[in-house]
Structures are given as structure tokens and as C-alpha cells.
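The values are calculated or read from the model by the stated rules, or taken from the named source; none is laboratory data. These numbers were taken from a predicted model, which means no experiment stands behind them. Here Cβ is always computed from backbone atoms with ideal geometry, including for glycine, and neighbour counts include all displayed protein chains. Surface areas here come from the heavy atoms of the whole protein model, side chains and all, with no ligands, DNA or RNA. Shrake-Rupley method; radii C 1.70, N 1.55, O 1.52, S 1.80 Å.
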Amino acid sequence: MLRPRLKHRFTRRTLLRMGPLTLVSLVAACSRPFSHKNTVLPATPACGKDLTTPPQTEGPFYTPDSPQRTSLLEPGFSGTPIVVTGQVLSSECRPIAGALVDCWHTNDRGEYDNEGYQFRGHQFTDADGQYRIETIVPGIYPGRTRHFHIKVQAANQPVLTTQLYFPEESATNQNDFLFDPALLMTVDDGGDTKRASFNFVLKTV
Ligand SMILES: [Fe+2]
């Protein structure tokens with residue numbers, strides 16, 4: 001097997017040559033969180049009993065019995081495409097297969113379809129607890145920041161109703177009475193389709 005060539009190899013001799021002060025600096029640098037442009041990035045979101053996904057209100061626009069589908073895109077749709085992916089996990093950090101993930105949101109003008117099922121759909125996680133929602137970036141309507149509505153439910157477990165938020169909306173997020181930073185997705189804006197991710201951690205009973 002080919003091994004990558006290391007430019008710098010720290011042997012016992014080189015470490016001794018560096019002296020105690022340089023060694024202290026090296027250890028400090030290695031233990032510092034990665035930062036970019038003076039912004040310390042948060043640690044990878046973890047799961048655990050104290051890190052379960054917080055619930056939020058369902059709001060007035062939920063419609064039950066949405067179609068089962070992973071793509072909410074329909075012919076002639078308008079808006080910026082986005083793919084949201086992630087896992088549904090137990091508070092013991094185990095992937096939950098077959099969990100329901102039901103999503104609903106507005107069109108790109110901030111309007112809900114309360115007659116039909118436009119931008120509404122549910123699916124079930126795969127064997128690794130993964131889900132994938134292909135849709136558009138929702139519009140904003142008065143009084144709210146940009147958000148997705150989501151229901152997640154493991155088999156024979158309570159339903160988690162919550163919402164997901166966009167980090168790039170920091171100004172409107174701060175003015176939103178429901179916004180919770182624990183529900184921020186990670187969003188990659190590169191390319192024609194945005195890519196977002198969020199892992200749900202369920203309180204299982
Ligand atoms: Fe809403």
C-alpha cells in the first residue's frame with residue numbers, strides 16, 4: 001500500500017532539539033479548535049440524552065396524509081433547489097431505520113398550499129437512519145424567518161414536531177420568536193443546488 005509522504009516527521013531527536021518553549025507552542029496549536037477568519041467553528045454536532053432535538057410548534061399549516069416521496073419538486077417549480085440530508089438517531093446515538101420524516105414548507109413566495117400537497121411529503125429512513133429531501137428553499141412570510149417544518153417519528157414512539165433554520169438568515173433568525181440555534185442546518189451554497197444537513201436525535205421511551 002502506498003503511504004503519503006510526510007513533509008515533516010517529528011522524531012525524538014527533533015523534538016529534543018526544539019526545546020521546551022517550542023514544544024509548549026506546538027501542543028497549544030494542536031489542541032486549538034480549527035478557525036477560519038477569526039471564526040471558531042462549532043464542534044461536530046453530537047447526540048446524547050441532553051442533546052435531543054428540541055420540539056417546536058406545528059403551526060397552523062400542517063396537512064396530514066402527505067404523499068410518500070423523497071422529492072417534493074414538481075414540474076415547472078420555481079425557486080432555488082436544495083437537498084436536505086441527515087440521520088435520525090436515538091439519544092444513544094444509534095441510527096433509527098424506518099423512522100418517519102414528514103416535511104412541509106412554503107413555495108418560494110412564502111405561501112403554503114393548503115388545498116393540496118405542494119411542497120409536502122413524507123418518507124422513511126433507510127437502514128442507516130438516513131433521509132434525503134429534495135425540494136426548494138422556502139420563501140419568507142411576514143413574522144417568520146426562513147424555515148422547514150418537520151415531523152419525525154420512530155416506530156411506536158412519540159412524534160417529534162420541529163422546524164429547521166438556515167444559518168445564512170442570521171438577521172431574520174434573531175428577530176424570529178421561534179428561532180432556536182439548536183435547529184440550524186449546515187448549508188453548503190456551492191453549485192446550483194444548495195446542500196443542507198441536519199441530524200435528528202429522538203428521545204426514545
Ligand atoms: Fe411555517
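Observations on the structure shown:
- Of the residues G116, G98, G110, G129, the single one that is away from the ligand (no atom under 16 Å from the Cβ) and more than 26 Å from C47 (Cβ to Cβ) is G116.
- Test: residue in the range 147-165 that is in contact with a Lys or Arg (Cβ under 9 Å, 6 or more places away or on another chain), within 29 Å of P75 (Cα to Cα) and free of Cβ contacts under 8 Å to residues at least 40 places away in the same chain: yes
- Residues of the range 188-205 satisfying the condition of being of a type outside the set (D, E) and free of Cβ contacts under 8 Å to residues at least 24 places away in the same chain: G190, G191
- When we screen L164, L72 for residues that are closer than 16 Å to S197 by Cβ, touching a strand residue (DSSP E or B) at 6+ places or on another chain (Cβ under 9 Å) and within 16 Å of the ligand (Cβ to nearest atom), the only hit is L164.
- Candidates G79, G143, G110, G129 - the one that is over 18 Å from the mean Cα position of the chain (by Cα), open to solvent by less than 20 Å² (accessible area, probe 1.4 Å) and of a type in the set (G, A, S): G110
- The combined condition, being away from the ligand (no atom under 16 Å from the Cβ), over 18 Å from the mean Cα position of the chain (by Cα) and not charged (D, E, K, R), is fulfilled by N156.
- Options C30, C103, C47; residue that is surrounded by 13 or more Cβ atoms within 10 Å (Cβ to Cβ) and modelled with pLDDT under 95: C47
- Only a single item in (1) within 21 Å of F77 (Cβ to Cβ); (2) of a type in the set (G, A, S); (3) more than 15 Å from the chain's Cα centre (by Cα) is not met by A196, and it is number (3).
- Flag not set for Q123, criterion: in contact (Cβ under 8 Å) with a residue 12 or more places away in the chain, farther than 21 Å from T57 by Cα and away from the ligand (no atom under 16 Å from the Cβ).
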